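> Here's a structure for you.
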Amino acid sequence: MSTNTPLLQTIEPDDPSAAQAPSRNTASNARPAVILTPTNNMASTAADAESGLAGILRQSAHPAALFCLYFFRISAIAVYILCGLLTDNYVLSTVGVVVLLAMDFWNCRNVAGRTLVGLRFWNQVDDDGESYWVFESRDPSRPANPVDSKMFWIALYVFPALWLLLFVVSIVRFNLSFIPIVGLALVFNITNAVGFTYADRDAKQRWANNIASSGWNMGMGGIGGQILGGAMKNSIGRMFG
């Protein structure tokens, strides 16, 4: 017997059929290989998002920013509506609502807008004392999550309408002491709505202008390309302006 031969191969089985059993069991237990592929929880379109708060947060690319956006806005309205039922202290109610409104205004303009839709705006004063608005946007090649974008624009337009409804209710019920609070809420919410709307239009216009100028100039070139590019810029400017 050779010393290189494994010991198990030199032992003969007592039952010849037993030697074939493992091969049959191995063949019968053989299963096709399962290939695991990673999945992406982000919805490709807004319609693919699951219903319910948990599904929306699961599909969101920035659930914390989306949650804070709605938390501050809903809390401000809830405190305003319930302050008359929970406490008779007008000063405490006013301070609570104003603090929530200020936090919502700062969060929406500096965090939610930049994170969820890639937009930002602010007012700047130059050295000559002239005030003007500055709009910034993310690179259009990196589109925002459709769920984040949809929920952001819903919050941006729905809550000013709710505050406007509360303003009308305050006038009808002669709650004159609460009108300044609702007025401040309208100023904050409408400022964000108008600012982000113009920022979005400015981003779309600059993106379309770049495509028009590069596309037409490369295709036509020379004076003809410049004329067509200018016409495209003017038409797109009127569309988004």
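> Leaving out ligands, DNA and RNA, and with a 1.4 Å probe, what % of the accessible surface on the range 61-212 is carbon or sulfur?
67
> Just to confirm, what accessible area per residue do you get for the range 61-212 at 1.4 Å probe, in whole Å²?
55
> Shifting gears a bit: Residue farthest toward the positive end of the dipole of the range 61-212, with Cβ of Lys/Arg at +1 and Asp/Glu at -1: which of Leu184, Phe72, Tyr198?
Checking the options against the dipole of the range 61-212, the answer is Phe72.
> State, to one decimal in nm, how far the label point of Asp126 lies from the label point of Val194, with both points 7 Å from Cα in the Cβ direction.
Taking the simple label geometry, Asp126 and Val194 are separated by 2.2 nm.
> Taking 7 Å along the Cα-to-C-beta vector as the label spot, tell me the Tyr90-Val158 distance in nanometres, rounded to one decimal.
It is 3.3 nm.
> Taking Cα pairs under 8 Å and at least six residues apart, what relative contact order does the range 61-212 come out at, in percent?
After rounding, I find 25 percent.
> Answer rounded, prolate or oblate for the range 57-141, using the Cα gyration tensor with square roots of eigenvalues a ≥ b ≥ c: rounded when a/c is under 1.5, else prolate when a/b is larger than b/c, else oblate.
oblate
> Hey, could you get me the Stokes-Einstein D for the range 61-212, Kirkwood radius over alpha-carbon pairs, 20 °C and 1.002 mPa s, rounded to whole µm² s⁻¹?
127
The values are calculated or read from the model by the stated rules, or taken from the named source; none is laboratory data. Source: prediction; values computed, not measured. Methodologically, a virtual Cβ is constructed for each residue, glycine included, from the backbone with ideal geometry; neighbour enumeration extends over all protein chains shown. Note: accessible area is taken over every heavy atom of the protein model, side chains too, but ligands, DNA and RNA are not part of it. Shrake-Rupley method; radii C 1.70, N 1.55, O 1.52, S 1.80 Å.
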